[in-house]
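Peer 1: If you scroll down you'll find the structure; I have some questions about it.
The values are calculated or read from the model by the stated rules, or taken from the named source; none is laboratory data. In this text, all values refer to a predicted model and were calculated from it rather than measured experimentally. Backbone-built Cβ (ideal geometry, glycine too); neighbour counts: all protein chains shown. In case anyone asks, the SASA skips ligands and DNA or RNA and just uses the protein heavy atoms, side chains included. Shrake-Rupley method; radii C 1.70, N 1.55, O 1.52, S 1.80 Å.
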Amino acid sequence: MPRFAANLTMLFTELPFLERFAAARNAGFEAVEYLFPYAYPKEQLVAALRANGLRQVLHNLPAGDWESGERGIACHPDRVAEFREGVARAIEYARALHCPQLNCLAGKVPPGVTHGDAHATLVGNLRFAAAALKQASIRLLVEPVNHHDVPGFFLTRTDQTLALIDEVASDNLFLQYDIYHAQRMEGELGETLRRHMHRIGHIQLADNPGRHEPGTGEINYPWLFAHIDALGYRGLIGCEYKPEATTSEGLAWMKTLAKEPT
């Protein structure tokens, strides 16, 4: 049976952020992830994890001005220094939170920047980040994001991202496979997972359409969960979805769709 991590950016949003840790624990989660920790002192987040017996499994590198629509700066040629400063900051947080992996959001290609320049910048930044994180014993992930939700995002497909990982040529860089983004862009979820499981560092989920909880859309999650188990995935699956109602009202899927086979 898969194990799940609550994404506290997306779940329990009816509560203030720091109260979501207790809500996740009370809902039966053993671990959490969220987009960014940087708005809070490290000590405050460590205390929230410890008080609720939770593990932190993922957060992102700093990704620019999220509120203004930026979705990462790793492909921005004029912001390499800012990116590298963000890597150092992310490592500080990850060490304090005992977070074993960090995700890099490539970002949207800036106006006036060629695809080639964006690509070269991203390769260089990923090489830098992968090496820095390896020294800290932290894995680096990189994630394709569908272009329907985020037009202009540089990485949109699994094959494109794996080719990029090959070019970076680091043994500390892995694919973050988001089932929702993959379904929107390419489908073939089962076969893609089978072929590339050894290169996947983390999995996230949501159903499609709507990016709601499993069981609300077209994805056959009971089959997919059993498939992921059979492939030997031992990590947690991040629940990065938008509940149709409240989070608690929508959590029945964890018992009905991800139950042990009888």
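Peer 1: Residues being out of contact with any helix residue (DSSP H, G or I) (no Cβ under 8 Å at 6 or more places or on another chain), more than 30 Å from Pro222 (Cα to Cα) and open to solvent by 50 Å² or more (accessible area, probe 1.4 Å): count how many of those fall in the stretch 17-30.
Peer 2: Within the stretch 17-30, residues that are out of contact with any helix residue (DSSP H, G or I) (no Cβ under 8 Å at 6 or more places or on another chain), more than 30 Å from Pro222 (Cα to Cα) and open to solvent by 50 Å² or more (accessible area, probe 1.4 Å) number 1.
Peer 1: How many of the residues in the stretch 164-204 are among the basic types (Lys, Arg) and either within 14 Å of the chain's Cα centre (by Cα) or modelled with pLDDT under 95 (or both)?
Peer 2: 0
Peer 1: OK, next. If a residue has to be part of a helix (DSSP H, G or I) and farther than 11 Å from Leu8 by Cβ to count, how many in the stretch 26-45 make the cut? Lay out the reasoning, then the answer.
Peer 2: Narrowing the stretch 26-45 to residues part of a helix (DSSP H, G or I): 26, 42-45.
Subsequent filtering for residues that are farther than 11 Å from Leu8 by Cβ retains 26, 42-44.
Here the count works out to 4.
Peer 1: Continuing with the same structure: Among the numbered criteria (1) of a type in the set (Ser, Thr, Tyr); (2) in a loop (DSSP other than H, G, I, E, B); (3) under 13 Å from Cys75 (Cβ atoms), which one does Thr121 miss?
Peer 2: (2) is the only condition that Thr121 fails.
Peer 1: Can you confirm whether His198 is in contact (Cβ under 8 Å) with a residue 12 or more places away in the chain and surrounded by fewer than 19 Cβ atoms within 10 Å (Cβ to Cβ)?
Peer 2: Answer is no for this residue.
Peer 1: Out of curiosity, is Gly152 touching a strand residue (DSSP E or B) at 6+ places or on another chain (Cβ under 7 Å) and among the small types (Gly, Ala, Ser)?
Peer 2: Yes; evaluated as a whole, the condition is true for this residue.
Peer 1: Next question, about the same structure. For the stretch 50-66, which positions are hydrophobic (A, V, I, L, M, F, W, C) and surrounded by 20 or more Cβ atoms within 10 Å (Cβ to Cβ)? Before you say what the answer is, go through the steps one by one.
Peer 2: To start, the set of residues in the stretch 50-66 that are hydrophobic (A, V, I, L, M, F, W, C) comprises 51, 54, 57-58, 61, 63, 66.
Within the stretch 50-66, Leu54, Val57, Leu58, Leu61, Ala63 meet the criteria.
Peer 1: While we're here: Which one of Glu33, Glu43, Glu14 is surrounded by 15 or more Cβ atoms within 10 Å (Cβ to Cβ) and either in contact (Cβ under 8 Å) with a residue 60 or more places away in the chain or within 22 Å of Gln101 (Cβ to Cβ) (or both)? Even if it seems obvious, please write down each step before you answer.
Peer 2: Working: Glu43 fails: surrounded by 15 or more Cβ atoms within 10 Å (Cβ to Cβ); Glu14 fails: surrounded by 15 or more Cβ atoms within 10 Å (Cβ to Cβ).
From the options Glu33, Glu43, Glu14, the qualifying one is Glu33.
Peer 1: How many residues are within 13 Å of Tyr180 (Cβ to Cβ) and open to solvent by less than 80 Å² (accessible area, probe 1.4 Å) if we restrict to the stretch 204-262? Break it down into steps so the answer makes sense when it comes.
Peer 2: Looking only at the stretch 204-262, we keep the residues that are within 13 Å of Tyr180 (Cβ to Cβ), and these are 204-214, 216-219, 221, 224, 237-242.
Now narrow it down to the ones that are open to solvent by less than 80 Å² (accessible area, probe 1.4 Å): 204-208, 210-214, 216-217, 219, 221, 224, 237-241.
Qualifying residue count for the region: 20.
Peer 1: Continuing with the same structure: Does Phe174 meet the test of being open to solvent by less than 10 Å² (accessible area, probe 1.4 Å) and either among the aromatic types (Phe, Trp, Tyr) or not in a strand (DSSP E or B) (or both)?
Peer 2: Working: open to solvent by less than 10 Å² (accessible area, probe 1.4 Å): no; either among the aromatic types (Phe, Trp, Tyr) or not in a strand (DSSP E or B) (or both): yes.
No.
Peer 1: For the stretch 46-68, which residues satisfy the criterion of being free of Cβ contacts under 8 Å to residues at least 60 places away in the same chain and not in a helix (DSSP H, G or I)?
Peer 2: Asn52, Gly53, Leu54, Arg55, Gln56, His59, Asn60, Pro62, Ala63, Gly64, Asp65
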